[in-house]
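*Asks:* The structure under discussion is supplied below as structure tokens; questions concerning it will follow.
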Amino acid sequence: MELLNIFPHLNAALNTLSCIFIVIGFYFIRRRNIANHRLCMISASAVSALFLVSYLTHHSLRTYYFGLGPTRFTGEGLIRPIYFTILTSHTILAAVVAPFVLRTLYLGIKGVYDKHKRLARLVFPVWLYVSVTGVAVYLILYQLYPAK
């Protein structure tokens, strides 16, 4: 059971790291530093993939090994609809943006820069939002309103 307690913190750290790489990658591309932009975006993608593996492992263990359901949100009052709005938008957009991140990465690696740039302008803000709201969900669920 101790193992399960590590996953939320690991997932938040991976989400934060991915977010940092995304922002720094954006900084580099704005300055036309392609090599560092590429390195940051590949790193952000790799860290996001590690996050996904960790997230799915955590929830699989909770459900199938330990027989637990999802972590219950204990907040009351105004924070409840705020939290569930953030969680819902985060979850939906995470599922939607993932294949577009992969496509954008593929186009950049293959050097199809016109299509990469066009798609990246749409994908970047959504991916950044998903990363930031992932950290927000963690902070609200595990730090501000932890289960008792």
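The values are calculated or read from the model by the stated rules, or taken from the named source; none is laboratory data. Being a predicted model, the structure only gives us computed values, none of them experimental. As a convention, Cβ positions derive from the backbone with ideal geometry for all residues, glycine included, and neighbour counts pool all protein chains shown.
*Asks:* For residue 25, work out the one condition from (1) within 15 Å of the chain's Cα centre (by Cα); (2) crowded, with 17+ Cβ neighbours inside 10 Å; (3) without any contact (Cβ under 8 Å) to a residue 24 or more places away in the chain it doesn't fulfil.
*Replies:* The failed condition is (1).
*Asks:* Let me confirm something: among 63, 71, which residue is modelled with pLDDT under 95 and either assigned to a loop (DSSP other than H, G, I, E, B) or out of contact with any Gly (no Cβ under 9 Å at 6 or more places or on another chain) (or both)?
*Replies:* 71
*Asks:* I would also like to ask the following. Can you pull out the residues in the range 9-39 that are more than 13 Å from residue 131 (Cβ to Cβ) and part of a helix (DSSP H, G or I)?
*Replies:* Correct list: 9, 10, 27, 28, 29, 30, 34, 35, 36, 37, 38, 39.
*Asks:* Can you pull out every residue in the range 103-148 that is of a type in the set (Ser, Thr, Tyr), buried (at least 19 other Cβ atoms within 10 Å of the Cβ) and farther than 21 Å from residue 87 by Cβ?
*Replies:* The answer is 104, and nothing else.
*Asks:* For the range 2-19, name all the residues that are small (Gly, Ala, Ser) and without any contact (Cβ under 8 Å) to a residue 60 or more places away in the chain.
*Replies:* 13
*Asks:* Answer yes if at least one residue in the range 60-83 is within 19 Å of the chain's Cα centre (by Cα), crowded, with 18+ Cβ neighbours inside 10 Å and over 17 Å from residue 142 (Cα atoms), and no otherwise.
*Replies:* No, because not a single residue in the range 60-83 is within 19 Å of the chain's Cα centre (by Cα), crowded, with 18+ Cβ neighbours inside 10 Å and over 17 Å from residue 142 (Cα atoms).
*Asks:* While we're here: Only one residue in 117, 148 is outside any helix (DSSP H, G or I) and either in contact (Cβ under 8 Å) with a residue 60 or more places away in the chain or more than 21 Å from residue 78 (Cα to Cα) (or both). Which one?
*Replies:* 148
*Asks:* Scanning for something among the aromatic types (Phe, Trp, Tyr) and under 13 Å from the mean Cα position of the chain (by Cα), does the range 95-118 turn up at least one residue?
*Replies:* Among the residues of the range 95-118, not one is among the aromatic types (Phe, Trp, Tyr) and under 13 Å from the mean Cα position of the chain (by Cα), which makes the answer no.
*Asks:* For the range 46-84, name all the residues that are of a type in the set (Ser, Thr, Tyr) and over 30 Å from residue 109 (Cβ atoms).
*Replies:* 60, 63, 64, 65, 71, 74, 83
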